[in-house]
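Below is one structure, written out as structure tokens; comments come after it.
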Amino acid sequence: MLANYVPVLIFFCIAGALGIVLLTLGFVLGHGSKDAAKLSPYECGFEAFEDSRMRFDVRYYLVAILFIVFDLEIAFLFPWAVALDQIGLFGLGAMAIFLGILVVGFIYEWRKGALEWD
Amino acid sequence: METLLSNVVPFWSSFSGDLQLVLVSAAKVIVLLVPLILGVAYFTYWERKIIGWMQNRLGPNRVGPKGLLQPFADLIKMLFKEVIVPANSNRFLFVIAPLLSMVPAFVAWAAVPMSDTFVVADINAGLLYILALTSLGVYGVILAGWASNSKYALLGAMRSAAQIVAYEIAMGFALVGVVMAGGSLNLGDIVLAQQGTSIASWFIWPLFPLFLVYFISGVAETNRSPFDVAEGESEIVAGFHVEYSGIAFGLFFLAEYANMILITVLTVTFFLGGWLSPFAGLPGFADSWLAAPSLIWLVGKMFIFMFCFLWFRATFPRYRYDQIMRLGWKVFIPITIVWIVVEACMVALGIGPWSGTV
């Protein structure tokens, strides 16, 4: 069972090693002079006039919260979908109720304007 | 594979079982990874050629015959470019972010079956594994944007992350439909569930809306045109990787193209029968090699979708951000929920791939 996952671990090691080798080569081979202007963050010809880690729109948080809700529903749907031919009509009915509740929540979000972006 | 190795490697049979497993898996990984990286390299060349032709240009044609050595010239150039780490950045996260982006993009390939016999890791939760790893790519994007300490990078990272998570939901719902039809989370089993007469038993027919949603969400997930507001060069220069140069940028580039090819191989596996032949089960092709499942069919089908990625980029204008969010939340999610309900009714009534199961 776990032996099936050994190749994944090895793949991780090989891909990680490839990335580290490429990055190291880049740092070793690509050697240039550094100065203050070169190392400053890029902006359109201005001196940076405020901290870059600024406040941003709360909608991004909202999207993240909605994502967690829906992603959990999907995680719940997967085992149901795999076992569909064994659980029969009872399983279908149970999931219909669950999806119904989800859809009510979705319509509520929609009507409240949580999905608007302007 | 075992017999081949025992002939090539001396003392093969004297190695312990664990060591044999490690060596065989490492060989499989290399066999998958080398063509994949070459594929990524020539995908960039092909992209420039196709877009060139669509715009009445020649595309790259100077390095090597017909420009065929261009990807290698690009790699060497990028290796010799200076990697600049900005003074105000968080140095550790800045260097680790490209790795966090590249490694999952490659490792996700472990669970993808290339033919009926070759798969690096034949795991029974393959689809969950792939969903998990494609989600990990967001960390690379967010960390790159935050660690750069640059306004454009931060804005690009926020846009990119919000877009990726929004489309991931539509993608996940579409995959629920695929799992319902395939009855397994193992990608090889999903392909085998599509066996039958020619193309008629592929999942693209009963799941057509999910197929469209999945592929378009895939384009949005990889931040490709027309959904490339995350790196919209006319507004925020290059988005989350604006501060990256040299090979650090190259790793993001590798990740993006490996992810694009991953989306195509997954679309083909879930909806178009993966490595199954379109001639299988037809009279007259019974013993022909054309009817046999093979890697050729997988790659052939992948080429169609890889071309679509480039075609979209050359022909569609960029979406506005609010349009992207509206498409993801208000169009794709309702479509997928409705189609899952339709599919459940098909299961209950025994229509389509479920005829004879209930």
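How do B:37-44, B:278-285, B:216-223 rank on mean C-beta neighbours within 10 Å, highest first? Don't jump to the answer; show the numbers that get you there.
Working: B:37-44: 16.8, B:278-285: 14.9, B:216-223: 23.9.
The packing order, highest mean first, is B:216-223, B:37-44, B:278-285.
Quick check on chain A: helices-only [θ] at 222 nm, where DSSP H runs of length 4 and up contribute -39,500 (n - 2.57) each and the sum goes over total residues. Nearest 500, please.
Values: 4 runs with 81 residues, N = 118.
Helices in chain A give a 222 nm mean residue ellipticity of -23500 deg cm²/dmol.
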Fill in the blank from the handout: With the dipole of the protein assembly as shown defined by +1 on each Lys or Arg Cβ and -1 on each Asp or Glu Cβ, the option from B:215, B:280, B:24 whose Cα lies farthest towards the positive pole is B:215
Completion exercise
Each residue of A:34-43 has, on average, a number of other protein chain C-beta atoms within 10 Å of its C-beta equal to 5
Problem - Computed label-point distance, nm, for sites residue B:195 and residue A:59 using a 7 Å Cα→Cβ extension - result: 5.0
Practice task
Using a 1.4 Å probe and counting only protein heavy atoms, arrange A:18, B:154 so the residue with the most accessible area comes first.
Solution key: A:18, B:154
Practice task
Among A:93, A:32, A:19, determine the one that fluctuates most according to a GNM of chain A built with springs between C-alpha atoms less than 10 Å apart.
Solution key: A:19
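Give me the inter-chain shielding for A:75-87: mean count of other chain Cβ atoms within 10 Å, whole number please. Mind dumping the intermediate values first?
Values: counts 4, 1, 8, 10, 3, 4, 16, 11, 1, 10, 6, 1, 0.
Per residue, the number of nearby Cβ atoms from other chains is 6 on average.
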Completion exercise
Using alpha-carbon positions, the gyration tensor of region A:1-95 gives root eigenvalues a ≥ b ≥ c; with a/c under 1.5 called rounded, otherwise prolate if a/b exceeds b/c, else oblate, the class is oblate
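What average number of partner chain Cβ atoms lie no more than 10 Å from the Cβ of the residues making up A:17-24? Numbers along the way, then the final one.
Values: counts 1, 8, 12, 3, 0, 11, 11, 1.
Partner Cβ neighbours, averaged per residue: 6.
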Completion exercise
Simple SL model, points at 7 angstrom along Cα→Cβ for residue A:112 and residue B:205; separation in nm is 4.4
Problem - Rough spin-label spacing in nm, given labels placed 7 Å along Cα→Cβ, for residue B:24 and residue A:87 - result: 3.6
Practice task
For n ≥ 4 DSSP H runs only, could you compute -39500 (n - 2.57) per run for chain B, divide by its residues and tell me the 222 nm figure to the nearest 500?
Solution key: -21000 deg cm²/dmol
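Using a ≥ b ≥ c from the Cα gyration tensor of the protein assembly as shown (square roots of the eigenvalues), is it rounded, prolate or oblate, where a/c under 1.5 gives rounded and otherwise the larger of a/b and b/c decides, a/b for prolate?
Details: a/c = 1.70, a/b = 1.19, b/c = 1.43.
The shape class here is oblate.
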Fill in the blank from the handout: Charge tally for neighbours of residue B:186 with beta carbon under 14 Å away, counting Lys, Arg as +1 and Asp, Glu as -1, is -3
Practice task
Would you mind getting me the FRET efficiency between residue B:311 and residue B:290? Use the beta-carbon distance for r and R0 = 35 Å, nearest 0.05.
Solution key: 0.80
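Summing Lys, Arg as +1 and Asp, Glu as -1, what charge do residues with Cβ under 13 Å from the Cβ of residue B:171 carry, residue B:171 excluded? Walk me through the numbers on the way to the answer.
Working: positive: none; negative: A:71, B:168, B:221.
Net local charge, residue B:171 excluded: -3.
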Completion exercise
On the formula 1/(1 + (r/R0)^6), with r taken between the Cβ atoms of residue A:43 and residue A:98 and R0 of 41 Å, the FRET efficiency rounded to 0.05 is 0.25
Exercise for the section: With springs connecting C-alpha atoms under 10 Å apart, model chain A as a Gaussian network and identify which of A:37, A:64, A:15 has the largest mean-square fluctuation. Expected result: A:15
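Placing +1 at every Lys and Arg Cβ and -1 at every Asp and Glu Cβ, with all other atoms neutral, what dipole size does the protein assembly as shown have around its Cα centre, in debye to the nearest 20?
Numbers: 25 positive and 31 negative charges, 190 e Å.
About 920 debye.
Taking the Cβ of residue B:134 as the center, what net charge do the other residues with Cβ under 10 Å away carry, scoring Lys and Arg +1 and Asp and Glu -1?
On the way: positive: none; negative: B:168, B:221.
Neighbour charge sum, excluding residue B:134 itself: -2.
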Handout entry: Surface accessible to a 1.4 Å probe, residue A:108 within the full protein complex, Å²
Key = 140
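Assign one of three labels to region B:165-246, namely rounded, prolate or oblate, based on the Cα gyration tensor with a ≥ b ≥ c the square roots of its eigenvalues; rounded applies when a/c is under 1.5, prolate when it is not and a/b is larger than b/c, and oblate otherwise.
Working: a/c = 3.01, a/b = 2.76, b/c = 1.09.
Judged from the Cα gyration tensor, region B:165-246 comes out prolate (a/c at least 1.5, a/b above b/c).
The values are calculated or read from the model by the stated rules, or taken from the named source; none is laboratory data. Bear in mind the structure is a predicted one, so any value in this text is a computation, not a measurement. Here Cβ is always computed from backbone atoms with ideal geometry, including for glycine, and neighbour counts include all displayed protein chains. Calculation scope for accessible area: heavy atoms of the full protein, side chains included, ligands and nucleic acids excluded. Shrake-Rupley method; radii C 1.70, N 1.55, O 1.52, S 1.80 Å.
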